[in-house]
Every structure is written in C-alpha cells, then in structure tokens.
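Undergrad: Here it is, the structure, as structure tokens.
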Amino acid sequence: MGVTDPAGPVMDRDEVDRALARLGAEHEAIETSLLALQDHAGRRLLEGAELTGTTRERWTTADASISLLWAYFDAYTDALRSAREIRARRRWSSREDLVELTELLRGESVTVAGSATATANAPTLLSAAGRLSERFSLAALVDRMNELYATSLDMVVTADAVWSALPARIDLLAAELQRTRTLAHSVGVRPGEHPAGDDLERITRTLTRLREDVVSDPLTFWIPAQGSSAPGGGRPDTAVYDREARALEEVRREIDAVLTVRQDAEARLIKLRDVLSRADRTLAEARTARGEVLAKIAATEVPVVSGPPTALQEQLATAAEYRRQAQWHRLSPLLESLEQKAEDELLRARESLTAVTAPLAVRAELRGRLDAYKAKVARHGLAEDPFLIERYDAARRMLWSAPCDLRVAEQAVLRYQQAAAEALRVPRVPHQSGPEDRRGPGA
C-alpha cells in the first residue's frame, strides 16, 4: 500500500466504505441536532427578544456560532458528497481513486469560508484573528461542530429554562399581589397610611423590575451546577422571587388580622369596656377599704389608691370612633394595645386592693388565732384559769377596739399563746378532799 502526504497510508476499499458509512451516520446525527437547535423554542425567543447585559453579549456570540455551524455543516456535506461520488465511479476503485479518497477523508481537505461578521462576533472560533477561511479534516470538522453546538445549545437551553420558570411564577405572584392589594384597600390599608400598604407598593415595584430583568437578561438569573458539563446544567436563581413571595405572605397575614378585627371589633370593644369597668370598680373598692383601714387600724402605712387612668378611656373612645368610620387598619393595632393595657390595669387595681386591705387581713388572722387558742385551752379544761382569762381579755380588747394598733395587738396575742402553751405543758393535779397516802403498805 502506497503512502501519501500528509494523509498517511492509502486506504483500501473496505476502509473507505467503512469510513463513508461512519461519516454518513455522523452527518445524519449532526443534521438532526442542528435542525432541533434551529427549531428550539429558546432560540426563537432569543431571536425576537430585546436582550440586554450578559444575555445580549452571549447571544451575539451564540448566534454567530450557529451561523458558523451551518457553514461547517454545508462544507462537511459537500466533502461527504464528493467522496461518495468518487467512490461511486467504479465498483472496484482504482488506486488513483483511493489516493484521492484518502486525501479527502483523512487530510485537511475541507475549506470553510467565514463571514467578517461571524469572525468579529466569534473571534475564538477561527484559528487567528482576521482569517476568513480555515482548513479542516473531516474528523477535526466534526469535533469543531460538536464544540460549537455544545456551547450554543447551553446558552439556548439556559435562557429557555429561566424564561420557562420565572416569568410565569412572577405573573402568578403579581396576580395574587393584585388581589391582596384590592383586599387591603377594602379595609383601609393604603400606602402612606399603613406599613402593609407601603410593603405592597415595594413588592409591586420589585416584581415589575424583576420581570423586566428576567425577560431581557435571563442568564443573570441562572446558577450553574457545580461540576456539570451538560448543556443547561444548573437551575434558575429564584432568590429575589422567593423573598418577595415571603413578604407578600406576611402582608396577607396582616390583612387577615385586620379582617378579623373587622369581624370581631364590637365583641372586643365590649370586652374592653367590661375589663376597664371591673378595674374601676376594684379601685373604688380599694379607696373605700382604705378609709375603713385608716379608721380601724392605727400606726399602719396604708398605700394611696390612684384614680382610674383617663388615657385608657380616651383611647377606648378613639377605638370606637375608628370602628364607626371603618378604619380597620388603625383599629387593629389600637385594640391589641388596649387589650394588654386593660388587663394590666385590672391587675394593678387588684394588687392595690390587696395592698390596702392587708392590715384588715392581718387583724382577722390575729383574731382567728386568738379564738383558736381559746378553744384549745377550753378543750383541756383551762377555760376558767384566771391568768389565761386576763391575757385573753387584754388581747381581745386590743383586736376589737378601733383604731387597732396591730403591733401591740400582735404582742398581746403572742403573750396569750405563750401563757396557754405554758399552762398546757404543766400537768394538772385533780382537786382532793384530803391528803392521799400513796406510799403503800408498810410505809
């Protein structure tokens, strides 16, 4: 077998037939891929879109690459057709035919002419800047087409994935936003009047800008998959969308709270009035009790009872006015604040009553203790003991006199307790008519 330069050894007929079959299969596969790329929805969208930023730059390069792909494919088709024609001249190809086929199938026999525009837009696709044509072997040409196809398909698939994922979701969120805005206006939540209204305006602006950016520059919303070389490997970046969706959900919850206020406002106002009325009655009771304590208890510090807070009554009147005017967005926070303050006020009134009546409770406890010891003494048969009777009467006079000095009365009760305890500890000797001899016989 002879040798050609630079194609190498001359191929025999079987090698030529096998090479033509392989190249024919590759030709069909490449053609199918190019037609699929040509008809890809993402490519058609990219052609008709007004692109900006990164997407515009990459699409300019990808569009030039696709143009070069077709030029390469046409050159590949022509070379394959020429090889088939040479092989078809004779059933048994001559040596001259085999030399020509070897040069065509293995050598750099394919010349591809590129346009100046394609060269400018895809400078890395040609071997040197300024060259408008390039020579390839068929194998090298297939490798080049595969490279261009992969990069072009990656760009098209990525843009299409972002456009398929984000704009529709943004539109759905915008529709939900519009429903929420309508509901918010119905309960008086408007920009400049309620924080939720301001949030709705901000979300609206953000979603409008986000949709414009996604449509014009989808590639900036793509997160490539780490370590993946497959075209379109990665996922759309939904961080901004997700943040605004969460913000809208928070606004919806606040609007629901305002709606709940509209439904329950009357019942809550009635309950508020009841709590404040109970607090006022408790304070009035504490003031009455304070007068009683001052009259009945001496030498005791009795705390001053303050009057009912007028500020809460004014706020309650304001809340009722908000309800009459259907200003639910203002009524909602006011009711929450008032409910907490009313409970605090009722607790303060109860604590004040407890503090004022504490001396009376102490006196009652001392009276109870005194009577309990008297009953105990009586059970042990000491009710007629003159000393205990004297101590009991002294303590009782102090506890049932007005004003009662609690400190002195407590000391008197303690003296009675100590005397009773001492009497109970001493064994009682039964009364006898005469002395009894307990010595026994023979004493």
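The values are calculated or read from the model by the stated rules, or taken from the named source; none is laboratory data. In this text the structure is predicted, and so the values were computed from the model without any measurement. FYI the Cβ positions are ideal-geometry reconstructions off the backbone, even for glycines, and counts take in every protein chain you see. These accessible areas exclude ligands, DNA and RNA; they are computed on the full protein's heavy atoms, side chains included. Shrake-Rupley method; radii C 1.70, N 1.55, O 1.52, S 1.80 Å.
Undergrad: Just a yes or no: is a residue in the range 84-95 touching an Asp or Glu at 6+ places or on another chain (Cβ under 6 Å), assigned to a helix (DSSP H, G or I) and either among the aliphatic types (A, V, I, L, M) or modelled with pLDDT under 75 (or both)?
TA: Yes, the range 84-95 has at least one match.
Here is a yes/no grid of residues against (1) among the aliphatic types (A, V, I, L, M); (2) part of a helix (DSSP H, G or I):
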position: N146; (1), (2): no, yes
position: T151; (1), (2): no, yes
position: V157; (1), (2): yes, yes
position: W163; (1), (2): no, yes
position: A168; (1), (2): yes, yes
position: D171; (1), (2): no, yes
position: T182; (1), (2): no, yes
position: G188; (1), (2): no, no
position: G192; (1), (2): no, no
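Undergrad: Can you name the residue in the range 285-314 that is at pLDDT 75 or above and among the charged types (D, E, K, R) and is also farthest from T354 (Cα to Cα) among such residues?
TA: E314
Undergrad: While we're looking at this one, here's another question. What residue, of W92, W59, is among the aromatic types (F, W, Y) and surrounded by fewer than 11 Cβ atoms within 10 Å (Cβ to Cβ)?
TA: Exactly one residue qualifies, and that residue is W92.
Undergrad: Looking at the range 31-55, which of its residues are among the aliphatic types (A, V, I, L, M), open to solvent by 20 Å² or more (accessible area, probe 1.4 Å) and in a helix (DSSP H, G or I)?
TA: Once the filter is applied, which keeps residues that are among the aliphatic types (A, V, I, L, M), open to solvent by 20 Å² or more (accessible area, probe 1.4 Å) and in a helix (DSSP H, G or I), the range 31-55 yields L35, A36, A41, L45.
Undergrad: Filter the range 258-307 down to the residues that are loosely packed, with under 13 Cβ neighbours inside 10 Å, of a type in the set (D, E) and part of a helix (DSSP H, G or I) and list them by number.
TA: D264, E266, D274
Undergrad: Output the residue which, of all residues in the range 345-354 that are touching a helix residue (DSSP H, G or I) at 6+ places or on another chain (Cβ under 8 Å) and open to solvent by 40 Å² or more (accessible area, probe 1.4 Å), is nearest to E410 (Cα to Cα). Steps first, answer last, please.
TA: Initially, the range 345-354 is screened for residues touching a helix residue (DSSP H, G or I) at 6+ places or on another chain (Cβ under 8 Å), giving 345-346, 348-350, 352-353.
Pick out the ones that are also open to solvent by 40 Å² or more (accessible area, probe 1.4 Å) and you get 348, 350.
On the way: R348: 30, R350: 27 Å.
The qualifying residue nearest to E410 (Cα to Cα) is R350.
Undergrad: In the range 394-408, is there at least one residue being open to solvent by less than 60 Å² (accessible area, probe 1.4 Å) and part of a loop (DSSP other than H, G, I, E, B)?
TA: Yes, that holds for at least one residue.
Undergrad: Just checking, does the range 183-206 include any residue being closer than 30 Å to G48 by Cα and open to solvent by 40 Å² or more (accessible area, probe 1.4 Å)?
TA: Yes.
Undergrad: Can you report the number of residues in the range 207-257 which are in a helix (DSSP H, G or I), farther than 30 Å from S332 by Cβ, open to solvent by 40 Å² or more (accessible area, probe 1.4 Å) and among the hydrophobic types (A, V, I, L, M, F, W, C)?
TA: Residues meeting the conditions: 2.
Undergrad: In the list R13, R84, which residue meets the criterion of being touching a residue at least 12 places away in the same chain (Cβ under 8 Å), open to solvent by 70 Å² or more (accessible area, probe 1.4 Å), touching a Leu at 6+ places or on another chain (Cβ under 9 Å) and closer than 18 Å to V142 by Cβ?
TA: Answer to the check: R84.
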